[in-house]
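One structure is given here, and the rest of the page talks about it.
The values are calculated or read from the model by the stated rules, or taken from the named source; none is laboratory data. Fair warning: this is a prediction, and the values are worked out from it, not measured in the lab. Virtual Cβ from ideal backbone geometry, glycine too; neighbours counted across all protein chains shown. Accessible surface areas use protein heavy atoms only, side chains included; no ligands, DNA or RNA. Shrake-Rupley method; radii C 1.70, N 1.55, O 1.52, S 1.80 Å.
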Amino acid sequence: MLTPDIAMTYSGMGPDFRVLVDRARKLAHTNYKRIYNEYPPIRIMVQELAKVMQASTQSGGIRPFGVSLLVGGYDEHSDSFQLYQVDPSGSYFPWKATAIGKTAVSAKTFLEKRWNEDLELEDVIHVALLALKESVDGELTGENLDISVISEPQEHLLGFKGTDMTGPRVKKLSAEEINDRLDAL
Amino acid sequence: MSDPSSINGGCAVAMVGKDCIAIACDLRLGNQSLSLANNFEKVFPFGDKTFLGLTGLASDVLTLKEDFRLKHNLYKLREEREIEPETLANLVSSSLYERRFGPYFVGPIVAGLHSKTNKPFICGFDLIGCIDFAKDFIVSGTASDQLYGMCESLYEPDLEPEDLFETISQALLNAVDRDALSGWGAVVYIVTKDKVVKRVLRTRQD
């Protein structure tokens with residue numbers, strides 16, 4: 001989770017991803033929240049990340065980031081959910097559904113067949129798990145797999161009550177919640 | 001005497017009505033007691049339904065007007081949309097606090113309607129950017145004491161645009177007549193969800 005309404009995941013080198021998460025969280029504040037007192041919209045967040053990754057391709061003494069990112073989030077101003085892919089080159093793309101990593105090609109072919117505009121939340125989790133199962137050789141369990149959903153504000157995750165603040169929209173599913181859905185596959 | 005915020009004179013006021021807001025200022029620019037110009041507007045538009053009023057030292061008013069015009073233009077390019085009044089208010093606040101130990105000698109006020117919901121918003125600031133959120137009215141400038149008095153007695157909530165215009169105009173006119181450094185003409189903006197009306201008021205010229 002980068003901001004209460006934006007989360008990202010990766011494929012590639014874990015340590016590089018952790019560096020990018022730290023950078024993104026800091027940039028969200030220094031370049032946006034401390035100026036406008038609101039969190040950056042997802043497009044701005046993605047542009048900041050892409051800027052960091054692009055800069056690392058041209059700066060002396062450092063190597064490019066060894067990760068591709070999937071950044072998902074909710075945009076207040078257009079009242080829409082958005083998904084972006086960011087590559088090590090610093091180029092980024094908006095998607096309706098996509099995959100990154102070793103088996104991205106086959107997973108995308110799968111998503112092309114199974115995804116459509118009016119899938120409900122439980123349906124897209126189902127499709128995402130099916131896509132993952134197709135391309136993973138080992139066993140899928142709640143312990144070796146993460147799912148985050150970005151949907152309605154989660155008031156109970158705020159940690160306090162009695163303000164007009166809305167809760168974060170990013171929610172990580174627990175191992176049990178994931179296992180329930182894996183059993184239903 | 002050498003207080004920077006009262007060398008040039010001038011004042012501004014903003015009010016909330018029913019689904020509308022009004023923001024007004026006088027037109028005087030002077031050097032101490034010597035009046036120099038009667039066309040010095042202190043209210044500036046930022047997008048269709050958001051306005052910034054800047055009173056205080058005239059040089060700082062002009063500098064900040066240009067500074068916020070720059071920041072507003074960059075914001076529009078980045079976000080591909082207009083800035084909301086709340087967002088502009090926080091931008092003004094953080095910009096002024098950047099100069100915490102060498103401040104601009106201004107008393108800004110922000111007034112506007114939300115671009116989508118048309119919810120009225122007004123607020124004022126001190127010279128280092130502390131925001132004063134208000135439900136009813138905000139005053140600023142050398143006639144602020146007089147404006148407080150006029151607004152406290154004339155203001156009522158949920159006024160229609162025409163009545164709000166009358167209220168803010170009378171409040172401003174009668175306040176500046178009791179301040180030697182304000183007056184020499186006045187401008188009033190009435191902002192509703194689909195229309196902005198700018199009126200220039202005839203006032204005493206002494």
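Residues in segment A:1-43 that are more than 14 Å from chain B (Cβ to nearest Cβ), without any contact (Cβ under 8 Å) to a residue 60 or more places away in the chain and either among the hydroxyl-bearing types (Ser, Thr, Tyr) or touching a Gly at 6+ places or on another chain (Cβ under 7 Å) (or both): A:13, A:16. Taking the conditions exactly as written (touching a helix residue (DSSP H, G or I) at 6+ places or on another chain (Cβ under 9 Å), surrounded by 15 or more Cβ atoms within 10 Å (Cβ to Cβ) and not aromatic (Phe, Trp, Tyr)), does residue A:48 satisfy them or not? Criteria met by residue A:48. You will find that of A:180, A:164, A:146, the residue that is part of a helix (DSSP H, G or I), open to solvent by 40 Å² or more (accessible area, probe 1.4 Å) and not hydroxyl-bearing (Ser, Thr, Tyr) is A:180 and no other. Counting the residues of segment B:87-110 that are facing chain A (nearest Cβ under 9 Å), open to solvent by 10 Å² or more (accessible area, probe 1.4 Å) and within 15 Å of the chain's Cα centre (by Cα) gives 1.
For segment A:73-81, the criterion of being part of a strand (DSSP E or B), in contact (Cβ under 8 Å) with a residue 12 or more places away in the chain and within 14 Å of chain B (Cβ to nearest Cβ) is met by at least one residue.
In the condition set (1) away from chain B (no Cβ under 14 Å); (2) β-branched (Val, Ile, Thr); (3) not in a loop (DSSP other than H, G, I, E, B), residue A:46 is compliant with all but (1).
If only residues of segment B:72-86 that are more than 9 Å from chain A (Cβ to nearest Cβ) and part of a helix (DSSP H, G or I) are counted, the one that is nearest to the chain's Cα centre (by Cα) is B:85.
For every residue, the table says whether it meets (1) among the β-branched types (Val, Ile, Thr); (2) without any contact (Cβ under 8 Å) to a residue 12 or more places away in the chain; (3) within 17 Å of residue B:49 (Cβ to Cβ).
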| position | (1), (2), (3) |
| --- | --- |
| B:83 | yes, no, yes |
| B:89 | no, no, yes |
| B:97 | no, no, no |
| B:108 | no, no, no |
